[in-house]
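What follows is one structure encoded as structure tokens, with my remarks underneath.
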Amino acid sequence: AAAECAGYAAASGNIGAAVNAALCADDGKDGALDALGVLNDSPIEQAEPHYYRHAASLLSRAPMASAKSFLSRYAEGLSATKLLPAFMHYERRREEFRRAAGPRGRTGGGPGQTPAKGVQIGKSRTHGDGVEVQIEGGGHGGGGLLATSVAFVDDEAASIKYLDGVVRQGCQSTAVYNYLISLYAGMEDEGPLHSFLSAHVPPAPRAPPKLGVAAPSLGESILAAASGVSPFSSSLSSSSPLDMSYALRVILRTGRHFRSAVRLYMGFGMRRQAVELAIKVDPALARKLARDSVDNDERRALWL
């Protein structure tokens, strides 16, 4: 049996064979958990390449357990940037699942939305860390992510659990920061995004921009964000892995989470733009920002 082969292979130190056997023994969550057990119990020097090789499959079957396993070995050298493509793949799979589920989807699928052509949602089971569904490709002979029958667990918290965890442990990858920002921006609740930015955006400069340097207006910066061009200098955030220009573009494109955009404007020292936007969403915050200006001319202009 494949399960016995996994045990023998693990005992003999053949980590790759043990992981493959565990994944083949059960094509659902249990097989992934067995494979993670093999990897977790193995020295990182032997296990590391197999984490990368099987990350996408492990995430699809047991996302939260995989995220926790990956995170537990970050300090031992398991690379967040090498695992990032697997998390991006998993989030694309989640999008396909929600589109296929249509009105039945847990987080997507508005009225009138139909399942993707040739895709069927089969039996489902609820776990503590998500919903496991059987996704079956239709008989059109096409490839793609849904071309075969696979177990897939949709867990909206797994990717954020890992990415936020490695950032807390000192990860300095801008790619990791950017992708985490994009996931936060896609959430309905602005709280996690605003908290993250509050922790990582530098304090607002005490002085306003120098005279003679034309700062973009709020409307200009929103138009620039919509076209993918940043109106701000990247040097302001060059010392941090957080790409503030990218974060602002992502947030403004969502058309929501404006308190987070205000936080970024303040990080750039663009108090006028921050006040203009805060007036629309939180007048009390706008008044506070105006009062906090240390420049008399700027304060007077903000109150006009």
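If I ask for residues that are assigned to a loop (DSSP other than H, G, I, E, B) and either at pLDDT 60 or above or within 28 Å of the chain's Cα centre (by Cα) (or both), which ones from the range 1-31 would you list?
Within the range 1-31, the first condition is being assigned to a loop (DSSP other than H, G, I, E, B), and the residues that meet it are 1, 13-14, 26-28.
Matches in the range 1-31: G13, N14, D26, D27, G28.
So which residues in the range 163-189 are in a loop (DSSP other than H, G, I, E, B) and either on the phi < 0 side of the Ramachandran plot or hydrophobic (A, V, I, L, M, F, W, C) (or both), if there are any at all?
The first filter runs over the range 163-189 and keeps only residues in a loop (DSSP other than H, G, I, E, B), leaving 169-173, 186-189.
Result: Q169, C171, Q172, S173, G186, M187, E188, D189.
Quick check on P192: is it modelled with pLDDT of 50 or more and in a loop (DSSP other than H, G, I, E, B)?
In short, no.
The values are calculated or read from the model by the stated rules, or taken from the named source; none is laboratory data. This is a predicted model, so every value here is computed, not measured.
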